[in-house]
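Working notes for the structure below.
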Amino acid sequence: MSDVFERYERQYCEISANLSKKCTAAASLDGERKKQKVSEIQTGLDEAESLIRKMDLEARSLQPNVKAVLLAKLREYKSDLNNLKSEVKRLVSGNLNAASRDELLESGMADALTASADQRSRLMMSTERVNQSTDRIKDSRRTMLETEELGVSILQDLSSQRQSLLHAHNTVYNRQLKIRCC
């Protein structure tokens with residue numbers, strides 16, 4: 001495997017872990033501090049995206065057997081990055097939802113909030129179902145990537161075994177020719 005790819009991979013994993021921690025921390029913040037934390041996270045996302053592009057270029061420049069394995073890893077990292085981006089969007093939209101709620105309360109529309117409580121609970125249940133479906137899709141995707149990696153490995157093993165068998169066949173054939181000739 002490429003040392004350059006491994007270095008990028010380590011950097012990406014560190015950034016990804018830090019971004020996850022920051023997203024968790026930002027969820028409990030309010031106001032300006034939350035905006036600041038989201039800005040830090042956005043910067044980290046840009047950096048992670050840059051590393052993924054570099055890993056992609058590096059992986060594509062390698063031999064086909066190594067390239068396939070690294071590209072499979074890269075797809076998983078891209079999926080992870082997209083999940084982080086979605087989490088940031090939820091954090092940002094949470095700010096917007098809080099601001100909208102405050103605006104409604106200030107304008108005397110508290111009754112509208114209680115009337116929509118049933119709708120809100122249905123929406124929350126739907127959101128939870130969507131999140132569960134998303135988790136199932138992620139698990140399926142992870143399984144697919146693992147299966148693909150296993151398939152690539154098996155094909156490489158079969159190719160190597162084929163070469164060994166062809167070599168053995170040629171050796172036996174050449175010895176039989178020598179025996180017949182002499």
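The values are calculated or read from the model by the stated rules, or taken from the named source; none is laboratory data. All of these numbers come straight from a predicted model, not from anything done at the bench. Positions of Cβ are backbone-derived with ideal geometry, glycine not excepted, and every protein chain shown enters the neighbour counts. Surface areas here come from the heavy atoms of the whole protein model, side chains and all, with no ligands, DNA or RNA. Shrake-Rupley method; radii C 1.70, N 1.55, O 1.52, S 1.80 Å.
For every residue, the table says whether it meets (1) open to solvent by less than 50 Å² (accessible area, probe 1.4 Å); (2) within 26 Å of CYS23 (Cβ to Cβ); (3) modelled with pLDDT of 85 or more; (4) of a type in the set (Gly, Ala, Ser).
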site: GLU49; (1), (2), (3), (4): no, yes, yes, no
site: LYS85; (1), (2), (3), (4): no, yes, yes, no
site: GLU103; (1), (2), (3), (4): no, yes, no, no
site: SER133; (1), (2), (3), (4): yes, yes, yes, yes
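For SER2, the criteria (1) more than 17 Å from the chain's Cα centre (by Cα); (2) hydroxyl-bearing (Ser, Thr, Tyr); (3) surrounded by fewer than 15 Cβ atoms within 10 Å (Cβ to Cβ) hold in every case but one, which is (3).
Where the second residue is assigned to a helix (DSSP H, G or I) and small (Gly, Ala, Ser) and the first is within 14 Å of MET55 (Cβ to Cβ) and lies in region 3-21, which pairs have Cβ atoms under 7 Å and are six or more apart or on separate chains? Final answer for the pair search is PHE5/ALA59; TYR12/ALA48; ILE15/GLY44; ILE15/ALA48; SER16/ALA48. Any idea which residue in region 137-169 is nearest to the chain's Cα centre (by Cα), counting only those that are farther than 30 Å from LYS73 by Cβ and open to solvent by 80 Å² or more (accessible area, probe 1.4 Å)? This residue is LEU165. Could you please let me know if LEU81 is of a type in the set (A, V, I, L, M), closer than 26 Å to ASP139 by Cα and part of a helix (DSSP H, G or I)? Yes. The set of residues in region 6-25 that are loosely packed, with under 14 Cβ neighbours inside 10 Å and within 27 Å of LEU70 (Cβ to Cβ) comprises GLU6, ARG10, GLU14, ALA17, LYS21. Residues in region 36-88 that are among the charged types (D, E, K, R), out of contact with any Leu (no Cβ under 7 Å at 6 or more places or on another chain) and over 21 Å from GLY151 (Cβ atoms): GLU40, ASP46, GLU47, ARG53, LYS54, GLU58, ASP80, GLU87.
Considering each residue of region 26-35 in turn, at least one proves to be loosely packed, with under 15 Cβ neighbours inside 10 Å, of a type in the set (A, V, I, L, M, F, W, C) and either in a helix (DSSP H, G or I) or at pLDDT 85 or above (or both).
Every residue, every condition in (1) of a type outside the set (Ser, Thr, Tyr); (2) more than 12 Å from the chain's Cα centre (by Cα), yes or no:
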position	(1), (2)
GLU6	yes, yes
LEU19	yes, yes
GLU40	yes, yes
VAL66	yes, yes
ALA72	yes, no
SER79	no, no
LYS85	yes, no
